[in-house]
1. Hey, among the residues in the range B:580-595 that are more than 13 Å from chain A (Cβ to nearest Cβ) and buried (at least 20 other Cβ atoms within 10 Å of the Cβ), which one's nearest to ligand 3 (Cβ to nearest atom)?
2. May I ask you to say which residue of A:Gly43, A:Gly38 is more than 7 Å from every other protein chain (Cβ to nearest Cβ), in a helix (DSSP H, G or I) and modelled with pLDDT of 95 or more?
3. Which numbered condition in (1) near ligand 2 (Cβ under 8 Å from one of its atoms); (2) farther than 21 Å from A:Thr105 by Cα; (3) open to solvent by less than 30 Å² (accessible area, probe 1.4 Å) is the only one that B:Tyr647 fails?
4. Sort through A:Gly151, A:Gly88 and tell me the only one that's in a loop (DSSP other than H, G, I, E, B) and crowded, with 18+ Cβ neighbours inside 10 Å.
5. Residues that are within 14 Å of ligand 1 (Cβ to nearest atom) and away from chain A (no Cβ under 14 Å): which strands (runs of 3 or more DSSP E) entirely in the range B:354-444 hold 2 or more of them?
6. Here are some conditions: (1) more than 16 Å from ligand 2 (Cβ to nearest atom); (2) surrounded by fewer than 21 Cβ atoms within 10 Å (Cβ to Cβ); (3) touching a residue at least 12 places away in the same chain (Cβ under 8 Å). B:Val551 meets all but one. Which one does it not meet?
7. Just to be sure I understand, how many residues within the range B:113-143 are more than 7 Å from every other protein chain (Cβ to nearest Cβ) and open to solvent by 30 Å² or more (accessible area, probe 1.4 Å)?
Amino acid sequence: MADLAVGGRVAGQGQGQSEEGFEPEVVGFLCNWCSYAGADLAGTSRLAYPTNLRVIRVMCSGRVDPEIMLEPFLDGADGVMVLGCHPGDCHYLSGNYQAEQRVRTIWMVLDHLGIDRERLYLDWVSAAEGARFADMVSEFVARVRTLGPAGGGPASREGLSRGEFAFRAEVARRVAGGERFRWLVGRNKALSEEGNVYGEKVSPHKAAALMQSVIADECVRAAIEVLAGEAPVSVRDIASRLGISAQLVLEQAAYLKRRGLIELYDVSGRSPRYVRAGARA
Amino acid sequence: MQASCAQPRMGVYVCHCGLNIAGVVDVEAVRDSARALEGVVVARDNKYTCSEVGQKTIADDIRDLGLDRVVIASCSPRLHEKTFRGVLEKCGMNPFLLEMANIREQCSWVHSGDSAAATEKAKALVRSAVARARLLSPLSRSEGRVVPKVMVVGGGVAGISAALYLGNMGIKTYLVEREPSIGGHMAMLDKTFPTLDCSLCILSPKMVEVAENENIQVLSYSEVEKVEGQVGDFRVQVRRRARYVDEAKCVGCGDCAAKCPVRVPDEFNRNMGERKAIYIPFPQAIPPAYAIDAEHCRYLTQGKCRVCEKVCERGAVVFDQTDRVETVEVGAIVVATGFRPYDASKKPQYGYGRYPNVITSLDFERIICADGPTHGKLKRPGDQATPGRIAFIQCVGSRDEHGHDGAGAYCSRVCCMITAKQAFMVKEKHPDSEVYVYYTDMRTAGKGFEEFYQRGRGEGIVFVRGKPGEVREEEGGSLRITSEDADSGCILDLSFDMVVLAVGLTPPEGLVDLAQRLNLSRSADGFLMEGHPKLRPFETSIDGIYLAGCVQFPKDIPDSVAQAGGAAAVAAATCSRQKIEMDPLGPVIDEDLCIGCRLCEMLCPYGAIKVEKTDRGYKARSIEVACKGCGVCGASCSARAITMKHYSNDQIVAQTRALLEVS
Ligand SMILES: Cc1cc2nc3c(=O)[nH]c(=O)nc-3n(C[C@H](O)[C@H](O)[C@H](O)COP(=O)(O)OP(=O)(O)OC[C@H]3O[C@@H](n4cnc5c(N)ncnc54)[C@H](O)[C@@H]3O)c2cc1C
Ligand code: SF4
Ligand code: SF4
C-alpha cells in the first residue's frame, strides 16, 4: 500500500482492460420518491437496460450512510450507484445535499486509498426520467466494465489483488464510520457557509485541506486497526505494509491505544507488537 | 420485538402477474430458490398475488403455518405495498413485517431480452428481500390529528369548482388566488366550445356563489409561501399582498379609478387597452374590490398623489397597508394553479410582438368579446381595420419534438377546438370573410367536438394540412404565408389581414417554486405529476395534496371541473378521517452512544430531533410527530448512535450481502 500516506494512484498497476466475460456487479441505492420512481417508470415504459444493476430502496438518498456506500465493495460489488432527487427537489428538502457531501468525501478517501473513484457513482433522477435512468445504468455498467473487476489484479484499473482491494475497502469503510470523519462530513457545507463555532467561515479550499489531512490520519489508524484485528502485528511490519514511516505508525498506534482500541502485545525485535483490544483474552 | 428472537417463519410469494413477469422470468425457479433460503417455511407462485385468491392464499398460510414474515415478489412496492400490508393487518399481523421484491418494473419489464439473466436477478432480489425480512421488527404507527379544513390554491374554474364542492359539503375552505380576482383564464374567454355559451355568463354565477358561501374564504392577491406538516395537519403560510384597499369597505363604485392619473396597459385585455393604477381586473371580479398596483401607483412610487384616497367616500383606500403573512391550518390541499399560454414571441418566425396583426388565440378571445378592448367588433390591432382574410396557425408551442424555445413536446389538447370555435365565430360575425386553418392534425376527441368541427367545415372554413415555416409582413400590415398543403401536394402562397397563433398551454408561472414548497414532483412536460397516471389522476406523491385542472396537464373546462370534483372528494375524505396514522420510520437513539454533538439536530430538515440536557449529559431526542423518516440523522450521526426504524444499517447491509451472494 505504497500510497496510503501520500494519496494518488499506485504506479505500475493494471491496464484496466476488461477480463473475458466480466459481468460487473452493481448495487444501486435509490430514493423512494424520485430515482426509484424513475426506475419504475423505465419499467412501465419497457426501456431495456443491463441486468447488472440490483437496487436497494431507501427513503432518501440522505439515508445512505457513507459506510453503506462502501459496504457493497466488501461483498464483491464492482460499482455502486447512489441516486437521489434533483437539487432542490428532494422529498425531504435537503437529503440529497447530504448524499452529495458524503459521496464527495468518500471519493477523496477512495483516491487516497488507490481505489478508482469512478466505482462510486452519484447522480439525480426525477420520477419522470425513466429514459434517463435507463441510459445512466447502461453507461455506468459500461464504465465499470472498462474499470475491470474490483480487485481483479492486472485486469482492473487499480491493479489491486482481490485481497488488497478488500483490505483497502475495509479501511475505507472504517474511516467512514469514524467520529471525526463523520462530524466533518456533516459540517463541511455549513463550515464554509455559516462558519465554525467562533463564527469564522472556512474557505472551501481550506475545508478540503482539513478533510484531506483527517482522511490521511484516519486511513492509517483504520489500517492499523484492521491489521491488528486478527493477530498481533509489529509496527515495523505495519510500516512496511503501508509504505509509511515507522514513526507515523507509532504516533497513530499510540492514539489508538489511548482510545482503548488496540493494546500492546509484546515487543519483538525492538518493534512493539499491537493487537485489537480484548483480543488477548 | 419478540418476533425477532426466535428463527422467523417466512412465506415467500412469487407473482406471475399474468405474463407480465412470468413471460420473462422463470417464476417457478425463483420460487424454488426462495424455498431453499433459511427461515422460509413456504414459497409459492401465484398468477396474480394481488387478486382476492392471491391474498387469501397468503392469509391462509399466515393462519395455518404461523408465518411471522411475508415476502412478496411482484410489482413495485410503490403500487401494492399498502394492499399487502392490509392483508397482514387483517390477519392480526404487524403490517411492517412485510417486504417486497420488485421483479416487474425493475426486472421483467426491463430485461425482456434476456430471460436467464432476468431470472437470476429476480432470485437475487428475492434473496435480498428475505434477508431484510428476517431483520424486520414490528412497529406501531403514530397518530396525527386531522384539521377538517381544505386549502385550494388557484382560483380558476378548477379551483372555484373544487372550493364550491367542498364548501357545499360543509367543509371550511380557503381559496388562495394570486391575482386580485378569482376567475382565471375562463374569465377572459368570450364563448366556450362546443356549445358556444358565453364564458363569463356561466362562470360569474359560480364566482358569486363562492363569495356567498359561508364556508369559503377567498384569500385573493395572495400566495403560498411555506408549507409544513403532513396529511391531516398542514400549516400553510400565505403571503397576503397589500392591496391598499379595504375589501370590506370597497363597493366597487370606481370613483377612484375615474380620477387616478396613471394609465397602465391592461393585462386582462392582453395589453390591448388601458386601466388605471387603481383598478378592478373586470367588472364581475370577486372579491368585487379595487386594488392598487403598487408598481405603478404615483403615490407609492413617487410619494405624491393620494387622489383615490380623497375621492373614495367610503374611506376604503388605506395606504398604510403592508404585506402580511398569515398561517392557515388545513388537513388537505388542492392545487389548481392552471396554466400559462405559450409565449409566442419565442417563435420569431411568426412575428408575434413584431407584427401588430399577428395575435394569439387568447388575444383573439379578448378582441371578439363584447367586454373587450374593441367591444366585440372584430378589428385587427395594427390599424383597427376589420380583417377579411384570417389565418389560424395550429400547434404554436405544442407538439414540438425538440422542445425548442420553451415549447412542449406534448399536444395541448384544447387548441384545435379553440381554433374551430374561433374560426366559427369569425364566420358567424362576418360570413363573407375567408378563414384558413393551417394544422398538423385536427384533434376533436370529446363530447360534441367532431360534430362542432364538421359544422365549421360546412361554413366554408378552409383547412390546410401544413405547418408554415414563417409569416412575413407586407406593406399595409398584411401578412404572407407560404406553405405546403400536404393533402393536395400544392404550395399555397397566400396573403392575410390577420394571423392568429393557436398557442399551446404551458405550466403556470411560478410552478417550479410552488412545487418545491409543496414537495411535489413535476413530469417531464413541466406540469405537476399525478399519483398514478391511470389510477390516481388527481392525487400526488404526497398524501393530502391533490390536483385539479390544467396544472396537471392541459385540459378543457369540463375536464377541469370534473377533476376538481374528484380532488374535492378525496380532500373531503381525508378531512372526514378521525385521525391519520403515520408510518413510524424515525430514529431510535442509543443514549449510551450519543455524545450530544448536535450534528443530527443541525442536519434534520424538520427540526424533528433535538439535543436536550439530561442527567447523563446532553443527549438527542426524537420528536416523533415532526419526523418524516428521511434517515438523514441516522446516516450522519457522528457516534453512530442512531438506528433508523425499518431502514436500519443492519437491514441494508443484509440486503446488500444477499444481493451479491453467488447463487
Ligand atoms: C385561448 C383559449 C381559449 C379557450 N377556450 C376554451 C373553450 O372554449 N372551452 C373550454 O372548455 N376550454 C377552453 N380553454 C381552456 C380553459 O381555459 C381551461 O380549461 C381552464 O381555464 C382551466 O382552468 P384552471 O382553473 O385549471 O386554470 P386557470 O384558468 O389558468 O386558473 C388558474 C388560476 O390560478 C391562479 N394561480 C396561478 N398560480 C398561482 C399561485 N402560485 N398561487 C395562487 N394562485 C395562482 C391564476 O391566477 C388563475 O386564477 C381555452 C383556453 C385558451 C388559452
Ligand atoms: S448526531 Fe448522534 S451523537 Fe450527535 S447528538 Fe445526534 S444522536 Fe447524539
Ligand atoms: S429521520 Fe429525518 S426527519 Fe426524522 S429526525 Fe431524522 S433527520 Fe429528522
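The values are calculated or read from the model by the stated rules, or taken from the named source; none is laboratory data. Small disclaimer: the values here were computed from a predicted structure and weren't measured. Every residue, glycine as well, gets a Cβ built from its backbone with ideal geometry; the counts of neighbours run over all protein chains shown. Quick note on the areas: whole protein, heavy atoms, side chains included, nothing else; ligands and nucleic acids left out. Shrake-Rupley method; radii C 1.70, N 1.55, O 1.52, S 1.80 Å.
1. By that ranking, first place goes to B:Ile589.
2. A:Gly38
3. All conditions pass for B:Tyr647, except number (1).
4. A:Gly151 is the lone residue from the list that is in a loop (DSSP other than H, G, I, E, B) and crowded, with 18+ Cβ neighbours inside 10 Å.
5. Passing ranges, in order: B:358-360, B:389-396.
6. Single failed check for B:Val551: (2).
7. Matching residues across the range B:113-143 total 10.
Conditions (1) of a type in the set (S, T, N, Q); (2) surrounded by fewer than 21 Cβ atoms within 10 Å (Cβ to Cβ); (3) touching a strand residue (DSSP E or B) at 6+ places or on another chain (Cβ under 6 Å); (4) assigned to a strand (DSSP E or B), marked per residue:
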site	(1), (2), (3), (4)
A:Ala207	no, yes, no, no
A:Ile215	no, no, no, no
A:Ala253	no, no, yes, no
A:Glu263	no, yes, no, yes
A:Val267	no, yes, no, yes
